[in-house]
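Before any comments, here is the structure.
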Amino acid sequence: MKKILLLTCIIIFIPYIIVNLFIKDDEIKFKYTSNMMVRVKQDDKIINVPFEDYIVGVLAGEMPVSFELEALKAQAVAARSYVMKKMEANIDKEYDVVDTVMNQVYLDDEHLQEVWKDNYTTNINKIKQAVLETFNEYLEYDGKVVDAMFFSTSVGATENSEEVFTNKVPYLRSVSSTWDSISPVYEVDYTFSLEYFYNKLNLKYNETLDIELLETTSTGRVKKLKINGTTLEGNTVVTNLKLKSNHFTIKLENNKIYITTKGYGHGVGMSQYGAQAMALKGYTYDEILKYYYQGVEIKKI
């Protein structure tokens, strides 16, 4: 009789155990250990987003989901560090970050479902895996959270922080990143009419073109130049002509202006396409981070 009862229990409960242990929801769910929220400004409203959900939305907005998992994990740690730094700085303000390139691009779940459609579950699970495998990890230097700047594509090397911004930051040093050539925007060509070129730069029309470089970074990005005797900031040329980078050459041929840019973004910190190239070569996310951010440590919140 006891054997019959035991057998009956096994028949009833084994399937139940298997279902509960091994059959999961299709989409990965987070289990939160804290209620930390990020205050995100979206247009004219401010929303409160659970911290790790925010990192998921940034990862979806800032890096192609097709990238290698180790590159995505590196981006997750960088994004987490970046927002922690902003939360520290903006503690007394209305919001911590905006959801655009002014800070980090954040895409909410509703938008991702609309954009990814049938690929939503596969894509979101890959991103959540990168976030879960680096859960609560951030970068620290000398006991402080790192200002983990990042950008799309280098010019073959990253920039020293003081050559692009104001402050010299010990962990934001120029490093070689020649493998960025895998990026589709490593070099981009533009063609403009003379009239459009001069008009956009608020310069007097001229059928000739005289370019003089006045100041460049150590990697060749243009900080200041003269065009037909008028001094301009390199970033003014980038903004007004909507170029990818201030590493550019300009030439005049047959009454047309030809510009070639190299790289995409400000060039300070981690190159995203550099991270992808390193991941493809077998580097792990921590090796990628410690390469682009010199002397940092990975810590947990």
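The values are calculated or read from the model by the stated rules, or taken from the named source; none is laboratory data. Just so we're clear, the structure is a prediction, and the values are computed from it rather than from any experiment. Cβ placement follows ideal geometry from the backbone for every residue including glycine, while neighbour counts extend to all protein chains displayed.
Data for the structure
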quantity	calculated
Any hit, region 193-208, residues being assigned to a strand (DSSP E or B) and surrounded by fewer than 12 Cβ atoms within 10 Å (Cβ to Cβ)	yes
Total residues in region 60-84, condition in contact with a Lys or Arg (Cβ under 9 Å, 6 or more places away or on another chain) and in a helix (DSSP H, G or I)	2
Pick from region 279-289, criterion over 18 Å from A148 (Cα atoms) and hydrophobic (A, V, I, L, M, F, W, C), ranking: surrounded by the most Cβ atoms within 10 Å (Cβ to Cβ)	A279
Options K168, K128: the member that is surrounded by fewer than 12 Cβ atoms within 10 Å (Cβ to Cβ) and either within 23 Å of the chain's Cα centre (by Cα) or closer than 29 Å to Y283 by Cβ (or both)	K168
Qualifying residue in region 102-117 (condition: farther than 23 Å from V268 by Cα, among the charged types (D, E, K, R) and in contact with a helix residue (DSSP H, G or I) (Cβ under 8 Å, 6 or more places away or on another chain))	yes
Region 163-180: number of residues that are among the small types (G, A, S) and free of Cβ contacts under 8 Å to residues at least 24 places away in the same chain	1
Residues that are under 19 Å from the mean Cα position of the chain (by Cα) and loosely packed, with under 12 Cβ neighbours inside 10 Å, drawn from region 80-112	V101, M102
Tabulated pairs, region 66-85, first under 11 Å from M270 (Cα atoms) and of a type in the set (D, E), second modelled with pLDDT of 95 or more and buried (at least 22 other Cβ atoms within 10 Å of the Cβ), C-beta under 9 angstrom, 6+ apart or interchain	none
Counted residues, region 243-258 - those being surrounded by fewer than 18 Cβ atoms within 10 Å (Cβ to Cβ) and either touching a helix residue (DSSP H, G or I) at 6+ places or on another chain (Cβ under 9 Å) or part of a strand (DSSP E or B) (or both)	7
Candidates K290, K242 - the one that is without any contact (Cβ under 8 Å) to a residue 40 or more places away in the chain, at positive phi and among the charged types (D, E, K, R)	K242
Unmet requirement for V115, which otherwise passes all of (1) of a type in the set (A, V, I, L, M); (2) buried (at least 21 other Cβ atoms within 10 Å of the Cβ); (3) in a helix (DSSP H, G or I)	(2)
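Per-residue answers, yes or no, for (1) touching a Phe, Trp or Tyr at 6+ places or on another chain (Cβ under 8 Å); (2) modelled with pLDDT of 95 or more; (3) not assigned by TED's automatic domain parsing to the domain that holds L172:
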site: K3; (1), (2), (3): no, no, yes
site: I14; (1), (2), (3): no, no, yes
site: V19; (1), (2), (3): no, no, yes
site: I23; (1), (2), (3): no, no, yes
site: F30; (1), (2), (3): no, no, yes
site: K41; (1), (2), (3): yes, yes, no
site: P50; (1), (2), (3): yes, no, no
site: Q75; (1), (2), (3): yes, yes, no
